[in-house]
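Undergrad: First the structure, which I've put down as structure tokens, then a few questions once you've had a look.
The values are calculated or read from the model by the stated rules, or taken from the named source; none is laboratory data. Keep in mind that this is a model prediction, so the values were computed, not measured. FYI the Cβ positions are ideal-geometry reconstructions off the backbone, even for glycines, and counts take in every protein chain you see. Please note that ligands, DNA and RNA were not included when accessible areas were found on the heavy atoms of the full protein model with its side chains. Shrake-Rupley method; radii C 1.70, N 1.55, O 1.52, S 1.80 Å.
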Amino acid sequence: MLSIAEETRTVELPTGRLDIAVEEAAWPLDRLCAFAARENPRRGFLVVSRVLGRHLPTPPHLIRESARDLAARIPADLPGPVMVIGLAETAVCLGQTVHEELRAATGRDDVFFLHSTRQQLDHPLLCRFEEPHSHASAHLIYRPDLPEPRSLVIVDDEISTGTTLCNLAEALVAAWPRVEEIVVATLTDWSRGRDWRARMPRPTAVAALLGGRLAWTQGADVAADAGFDRAAASLGRMRSHRNFGRLGIAAPVAPPPVSAVPEITGPVRVLGTGEFTYLPFRLAERLAGEGHDVVVQATSRSPARIGLAMASKLRFSDNYGTGVPNYLYNADPADGRMTLIAHETGADTLDPALIAALDATPIGWSA
């Protein structure tokens, strides 16, 4: 159960105003997230997680603790097989860590993992769905060579309107009609008072660390942006691929030995790239376990404005080859941290400007 922790707050952004009402919370609002303005004509605000290791540098133990606490709120007796679905790009690591924690907590071996992607592969599709407000709206889900599920656990970092979840659930149930139950697991559920669960194709429960409401008041009108629409529709095509979750996995993926990690003599930043975030997190956990001062971050396709949660911003080309600009927030080159850029696409795909800005060392897991 969530504890009662009612709180109201107003956040003024350059793009408009957020009125926040927290109704219940197991984790305090300020421990879970902050806020920023998006460069996005469809949605002018961004919920910036403090526990994902995406936009803010995050100690790996916080990522682990939040995922473990979230997994503990998912019913252990869901009809099996259970498929945990992580939404790209933000919730890939969260979804995979929830999968790992759910298997460990329940002892079940019929809990599998699959994540959506914006990368084209030579593999049959299960379905495609849209995330309307996103800077990269199209999601692909490939058909896994795993038993057809009877339960779905859909993992995302936050729920606002529930529209994306309804789009995804309709597509999944059309492909997997044996599904009986759905659980949506999320760090922050801002959809209280909305009717999206009534539109879901199967009975749906929500597991969250915080529940409440967001009311968004748009500021100055934002004109339609053809560049935004091109970016939202663009997909990458991976020239080589090793399955870390896009084609479905049963047991959690263990990080392979990384012989290229140089000697670490001070604080370190492990930087994931795009959808490749779970294994960088596991690397960060390993380094932290060896006594190093480690934070985790990841690059993003989402364009945000400097201010509030975003103290700094680097822009560079996408290593997945979509032609869409990528960004890294809150990574100060002057903070004294050694940076390891973890990637799955080959060192020659990384923008030299990113490497130079952080004086970084690439660490590859390419096929």
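Undergrad: Name the one entry in 173, 111, 155 that is under 29 Å from residue 344 (Cβ atoms), in contact with a Lys or Arg (Cβ under 8 Å, 6 or more places away or on another chain) and open to solvent by less than 20 Å² (accessible area, probe 1.4 Å). Full working, then the answer.
TA: Values: 173 fails: under 29 Å from residue 344 (Cβ atoms); 155 fails: in contact with a Lys or Arg (Cβ under 8 Å, 6 or more places away or on another chain).
On inspection, the qualifying residue turns out to be 111.
Undergrad: Tell me, please, whether a residue that is of a type in the set (Val, Ile, Thr), farther than 26 Å from residue 84 by Cα, in contact with a helix residue (DSSP H, G or I) (Cβ under 9 Å, 6 or more places away or on another chain) and open to solvent by less than 10 Å² (accessible area, probe 1.4 Å) can be found in region 255-271. Walk me through how you get there before you give the answer.
TA: To start, the set of residues in region 255-271 that are of a type in the set (Val, Ile, Thr) comprises 258, 261, 264-265, 268, 270.
If we keep only those that are farther than 26 Å from residue 84 by Cα as well, we get 258, 261, 264-265, 268.
So of that shortlist, the ones also in contact with a helix residue (DSSP H, G or I) (Cβ under 9 Å, 6 or more places away or on another chain) come out as 258, 261, 264, 268.
Next, from what is left, pick out any that are open to solvent by less than 10 Å² (accessible area, probe 1.4 Å): 268.
Yes, region 255-271 has at least one match.
Undergrad: OK, next. What is the one condition in (1) part of a loop (DSSP other than H, G, I, E, B); (2) in contact with a Gly (Cβ under 8 Å, 6 or more places away or on another chain); (3) at pLDDT 80 or above that residue 252 does not satisfy?
TA: Checking residue 252 against (1) part of a loop (DSSP other than H, G, I, E, B); (2) in contact with a Gly (Cβ under 8 Å, 6 or more places away or on another chain); (3) at pLDDT 80 or above, the one that fails is (2).
Undergrad: Something else: If a residue has to be open to solvent by less than 20 Å² (accessible area, probe 1.4 Å), aliphatic (A, V, I, L, M) and either part of a strand (DSSP E or B) or more than 18 Å from residue 207 (Cα to Cα) (or both) to count, how many in region 13-59 make the cut?
TA: Total satisfying the criteria: 11.
Undergrad: Restricting to region 299-324, count the residues that are part of a loop (DSSP other than H, G, I, E, B), of a type in the set (Lys, Arg) and either open to solvent by 60 Å² or more (accessible area, probe 1.4 Å) or within 25 Å of residue 288 (Cα to Cα) (or both).
TA: 1
Undergrad: Which condition breaks for residue 287 when tested against (1) within 17 Å of the chain's Cα centre (by Cα); (2) over 17 Å from residue 98 (Cα atoms)?
TA: It fails just one condition, (1).
Undergrad: Do we have residue 353 as of a type in the set (A, V, I, L, M, F, W, C), open to solvent by 40 Å² or more (accessible area, probe 1.4 Å) and at pLDDT below 95 here?
TA: Numbers: of a type in the set (A, V, I, L, M, F, W, C): yes; open to solvent by 40 Å² or more (accessible area, probe 1.4 Å): yes; at pLDDT below 95: no.
No, not satisfied.
Undergrad: Are any of the residues in region 325-347 part of a helix (DSSP H, G or I), open to solvent by 30 Å² or more (accessible area, probe 1.4 Å) and acidic (Asp, Glu)?
TA: Residues of region 325-347 that are part of a helix (DSSP H, G or I), as a first pass: 347.
Next cut, open to solvent by 30 Å² or more (accessible area, probe 1.4 Å) only: 347.
After this cut, where a residue has to be acidic (Asp, Glu) as well, the list is none.
Within region 325-347, not a single residue is part of a helix (DSSP H, G or I), open to solvent by 30 Å² or more (accessible area, probe 1.4 Å) and acidic (Asp, Glu).
Undergrad: Additional query: From the list 220, 207, 231, exactly one residue is buried (at least 16 other Cβ atoms within 10 Å of the Cβ), modelled with pLDDT under 85, of a type outside the set (Phe, Trp, Tyr) and touching a Pro at 6+ places or on another chain (Cβ under 9 Å). Which is it?
TA: 231
Undergrad: Right, something else. Could you identify the single residue in 98, 111, 155 that is at pLDDT 95 or above, touching a strand residue (DSSP E or B) at 6+ places or on another chain (Cβ under 8 Å) and closer than 25 Å to residue 235 by Cβ?
TA: 155
Undergrad: Exactly one condition in (1) within 21 Å of residue 244 (Cβ to Cβ); (2) in a helix (DSSP H, G or I); (3) in contact (Cβ under 8 Å) with a residue 24 or more places away in the chain is false for residue 112; which is it?
TA: (2)
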